[in-house]
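Notes follow the structure.
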Amino acid sequence: MAAPAGQPHYPDKPTSIKALAVEAGRESFTEAGRRTGTRTTRDNPQALMTGEFLALRVRPVNNAIPRGADGTLPAQWLLAQ
């Protein structure tokens with residue numbers, strides 16, 4: 001089904017963040033430090049807190065995001081932990 005005149009057309013149907021993360025696969029996640037905590041240990045003297053993160057380029061659908069000259073939404077970074 002084509003988009004109505006004046007409306008941008010996206011080839012893919014909307015997808016949930018969870019579905020995008022599952023589709024990317026576990027190997028796409030990277031361990032990264034996110035902040036310094038308060039509990040230091042012998043193995044972690046700076047108390048660095050880490051997590052597994054995923055970064056994907058997506059086009060969010062939202063009426064408040066300014067569209068490009070061609071009517072499409074700009075690609076954004078999605079960070080998931």
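Calculated FRET efficiency, residue 20 and residue 42, Cβ-Cβ r, R0 25 Å, to nearest 0.05?
Computed FRET efficiency for residue 20 and residue 42: 0.05.
With no solvent and one equal point scatterer placed on each C-alpha of the range 17-80, evaluate the Debye formula and give log10 I(q)/I(0) for q = 0.11, 0.27 Å⁻¹, two decimals.
-0.44, -1.07
At a threshold of 8 angstrom on Cα-Cα distance, excluding pairs fewer than six apart, so keeping six or more, what relative contact order does the range 17-80 reach in percent?
28
No value in this document is a laboratory result; all are computed from the given coordinates. Treat the numbers as computed from the prediction; the structure is a model and nothing was measured. Cβ coordinates were reconstructed from backbone atoms using ideal geometry, including for glycine residues, and neighbour counts include every protein chain displayed.
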